[in-house]
Amino acid sequence: MIGRLYDVLHRATTSLLRLEGLIESLPGRSVLLAAMRVREAQASSRIENTFASVREIALASVDERGASSESMEVLRNRLAIEYGLASKLPISARLLREMHRVLIVDPGHRPGQFRDRQVCIGDQHRGFSNARFVPPGPERVEACMTAWEFFVNPKAINAAPRARLPYLIELAMSHYQFETIHPFSDGNGRLGRALVTLAPVKDRELRHPVCNLSEWVQANRQEYYDGLLRVSTHGEWEPWIRFFVTALAQQAEADLNRATRVSSLYDKYQKLVTTRGKSILRIKLLDHLFDRQVVTITIAAKVMDVSYAAAQAHVIAFETMKIIKPLSDKKYGKIYVAEGVLKAIRGQGQD
């Protein structure tokens, strides 16, 4: 099987390393990675039929009261990914529970806790007898997750010795197994895809979180679900692994184009804002805009560590340079949006 998968494994590995190399070579790498994270969160949520534009996600980060429930849900997806990346924990059940607490706010779905009831995948109204898939019962979730944890941490003290496979094959297998266990009552798909981004960094296979799945899967959603199911019903590992690794390769190639696009815009704006005596402060504000795409004067003051009046002057300068524009004409509490950054992140003709 490994021999038959060599072509796609080589393509995915090469594409991921090229993407990581490009990001390593460019200034402002954090802003490039932030652009990829927001698209990953958006696409992963879309697979679950939750839709919000990149612009709406950005606005939700500064105005929760005015945000739709969909944009807040996608924002929490992004925050859960960022929480996982910042955590010192390895890929583990504990890390997943902590990320789940960030992702899910509905107490009915037990944020941060494994499910305590049986669930099924498919039409909930037709019942278990007509379900597409029925995961293990709640009494088995803890044991299943312990076994999964040993698989993803083969060097753990109590892990049974086993033969190792190429890393991307093991990543495909662990993703399938997590989705099959379905340990939470909600958020399993988003967390499972977030793990694809986190695991290579935690396992030191990659230095940066460039291994993303969701945007490509979003366009091939039915094949994704069918592939997962065929492993369960027919033991078809090889087609699933080929699909999964192909997704990583093609997504890395798409992200190469995005990284180039975002980096070019960053260079253009950096030259605009860099003036004698103000460059360091303005670069801080520019980095924030590429990271979050929106800003208020209060946020700008905090980002640059300056007074409100000084921050206001810098924000007005950015508006004059057409880097940002206000959402409204109101005098106080204006929210400014970096439309050019949003466009670079999402790509022409995408939302």
Study note, to complete from the structure: By residue number, the members of segment 77-92 that are free of Cβ contacts under 8 Å to residues at least 60 places away in the same chain, surrounded by fewer than 20 Cβ atoms within 10 Å (Cβ to Cβ) and part of a helix (DSSP H, G or I) are Leu79, Glu82, Tyr83, Ala86
**Study point:** Which numbered condition Met99 misses (of (1) within 22 Å of the chain's Cα centre (by Cα); (2) farther than 30 Å from Gly21 by Cβ; (3) crowded, with 17+ Cβ neighbours inside 10 Å)
**Key:** (2)
Practice item. Inspect all residues belonging to segment 198-205 and state whether any of them is surrounded by fewer than 22 Cβ atoms within 10 Å (Cβ to Cβ), charged (D, E, K, R), in contact (Cβ under 8 Å) with a residue 60 or more places away in the chain and not in a helix (DSSP H, G or I). Key: yes
Review point. Got at least one residue in segment 51-58 being buried (at least 22 other Cβ atoms within 10 Å of the Cβ) and in contact with a strand residue (DSSP E or B) (Cβ under 6 Å, 6 or more places away or on another chain)?
Key: yes
Practice item. Answer yes or no: is there a residue in segment 103-117 that is exposed (fewer than 15 other Cβ atoms within 10 Å of the Cβ) and over 25 Å from the mean Cα position of the chain (by Cα). Key: yes
**Study point:** Members of segment 123-146 that are aliphatic (A, V, I, L, M) and either under 17 Å from Gly189 (Cβ atoms) or modelled with pLDDT under 95 (or both)
**Key:** Ala131, Val134, Val141, Met145
Check your understanding: For segment 272-300, what are the residues that are surrounded by fewer than 19 Cβ atoms within 10 Å (Cβ to Cβ), at pLDDT 90 or above and among the charged types (D, E, K, R)?
Key -> Lys284, Asp287
Check your understanding: Quick one: would you say Ala52 is under 24 Å from Tyr224 (Cβ atoms), assigned by TED's automatic domain parsing to the domain that holds Glu142 and not in a helix (DSSP H, G or I)?
Key -> yes
Review point. Condition test on Ser68, is it surrounded by 19 or more Cβ atoms within 10 Å (Cβ to Cβ), modelled with pLDDT of 90 or more and at negative phi?
Key: no
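The values are calculated or read from the model by the stated rules, or taken from the named source; none is laboratory data. Source: prediction; values computed, not measured. Reconstructed Cβ throughout: ideal geometry from the backbone, glycine too, with neighbour counts over all protein chains shown.
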